[in-house]
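**Student:** Can you read through this structure? Questions will come right after.
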Amino acid sequence: MSKRLKIVLCVLCTYACVASAHAWLNLGLAQYVAGAGRGAAAPQVGFLPVTCHLTCPVAHWVKQNTGGAGSFEPVRFSGFPEIKEALVAGHLPATFMLAPMAMALRQQGVPVKIVYLGHRDGTAMMVHKDSAIRRIEDLKSKTVAVPNRFSNQYLILFKALKERGLSVKDVNVIEMPPPDMPAALYSRAVDAVTSGEPFMARTEMEGYGRALYQAKDIWPNFISCVLVVREDAIGEKPEWVQSLVDGIARSGKWLESDMGHRMKAAENISTKYYNQAPDYLRYVLSKPPDRVTYANLRLARQDFEQIEGLAREAGLLDGSVGFADYADTSFSDKTEGAEPYEWEGPR
């Protein structure tokens, strides 16, 4: 075998390994295969290891421990671009994702509907503890990492700057997967980071992060993520969609009903679903208790019209779709009066 051929084969092998690793780790292939290996027939629902998606694994965990078969299999992803790819390709009938991203997908003709919320509040912008950034105005000319351009974290930044006479163009905004943000802030590769918890709390707990602002101070009742379902699933399996939404609603009320439930969820979801140290989730679910809330998650037009307005100003939406196009309230409406799961969790 010639030296040139050996080099070519080596390059091809390396490329194949990298591509396989990307699919395995980032696109959720590992969990697809694991689910297939268990003979799982339940539809899969995508999530990220962030607090705005917490009700997804909690609903699955409770069912697993109360004798129920469960109506879905949760699949963990590392970033929103991968979730979007899987949803658009039809690999996922449902997933948690960014609210503006779901609206934009509908605008692009992707057959999806928002059916429920993830949580309210629960995000912040963090700067290095020794940073000279003390006010939002100090972000001018600085580098800020957001989860995605179609994230509400981006819209909060857009809103905060606008209210102070600045433009988002005055800041160098880059996209970054939330799990990578703590290390980027620690190394000062960026000046500020903002995403869902517990990654912002992690920077605070580890002693190098300082909150520049909390989302609720700029946008009360802030909505980050939503539960999105493909229209073919709604048409073919409406009972399954309702069961999924009911489970998410009941898990949210279970989390809200007792701090002990939150702490048990932090311990178990971190290790079994998030692949994180439990300390981070325990911290963000308790300090203060209303830092993240899981009540009042039914769809409300006014919430989304506020997002729409900001998204149009930011150039993310063109106004061609409205609430009736991208949202289906019928499943959400039926959760009124839903009761929390009757389970105290493991001892």
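**Student:** Using the crude model of +1 on Lys and Arg Cβ and -1 on Asp and Glu Cβ, and no other charge, please compute the dipole size for the chain relative to its Cα centre, in debye to 20.
**Tutor:** Working: 39 positive and 38 negative charges, 223 e Å.
Rounded to the nearest 20 debye, it is 1060 debye.
**Student:** I've got another one for you. Expressed as a whole number of Å, what is the distance separating the alpha-carbon centroids of the range 56-114 and the range 267-298?
**Tutor:** Value for the Cα centre distance between the two parts: 19 Å.
**Student:** Of the peptides 339-347, 156-164, how do they stack up when ordered by the mean number of other Cβ atoms within 10 Å, highest first? Numbers along the way, then the final one.
**Tutor:** Details: 339-347: 12.7, 156-164: 18.6.
Per-residue Cβ counts within 10 Å, averaged per peptide and sorted highest first, yield 156-164, 339-347.
**Student:** Let me have the relative contact order for the chain, percent, based on Cα pairs under 8 Å that are six or more residues apart.
**Tutor:** Values: 598 pairs, mean separation 79.7, N = 347.
Once divided by the residue count of the chain, the mean separation gives 23 percent.
**Student:** Could you list, in their original order, any pairs among Lys129/Lys159; Lys169/Lys264; Lys169/Lys253 whose Cα atoms are separated by more than 32 Å? Mind showing how you got there, number by number?
**Tutor:** Values: Lys129/Lys159 24 Å; Lys169/Lys264 43 Å; Lys169/Lys253 40 Å.
Distance filter (> 32 Å) returns Lys169/Lys264; Lys169/Lys253.
**Student:** Spin-label point model (7 Å from Cα, Cβ direction): what's the Gln302 to Lys272 distance in nm?
**Tutor:** Rounded to a tenth, the inter-label distance reads 3.8 nm.
**Student:** Now for a different question. Quick one: putting +1 on the C-beta of Lys and Arg, -1 on the C-beta of Asp and Glu, what dipole do you get for the range 238-307 around its Cα centre, in Debye to the nearest 20?
**Tutor:** Working: 10 positive and 9 negative charges, 37 e Å.
Here the range 238-307 has a charge dipole of around 180 debye.
**Student:** Now, a different point. With a/c under 1.5 counting as rounded, go ahead and sort the chain into rounded, prolate or oblate using the C-alpha gyration tensor (a ≥ b ≥ c being the square roots of the eigenvalues; past the cut-off, prolate if a/b is larger than b/c, else oblate).
**Tutor:** Working: a/c = 1.28, a/b = 1.04, b/c = 1.23.
In terms of gyration-tensor shape, rounded.
**Student:** Report the residue, chosen from Pro198, Pro278, Pro147, that carries the largest GNM mean-square fluctuation when the chain is represented by alpha-carbon nodes joined by springs under 10 Å.
**Tutor:** Top of the fluctuation ranking is Pro278.
**Student:** Starting from the Cα-Cα distance between Asp232 and Asp217, subtract it from 0.36 nm times their residue separation and give me the gain in nm to one decimal.
**Tutor:** Working: separation 15, 0.36 × 15 = 5.40 nm, distance 3.87 nm.
Here the answer is 1.5 nm.
**Student:** What ranking do 281-290, 89-98 get when scored by the average of other Cβ atoms within 10 Å per residue, highest first? Write down the numbers at each step before the final one.
**Tutor:** Details: 281-290: 17.1, 89-98: 22.9.
Most protected by this proxy first, the peptides run 89-98, 281-290.
FYI, it's all coordinate maths here, none of it is from the lab. Bear in mind the structure is a predicted one, so any value in this text is a computation, not a measurement. A quick note on method: Cβ atoms are made from the backbone with ideal geometry, for glycine too, and the neighbour counts reach across all protein chains shown.
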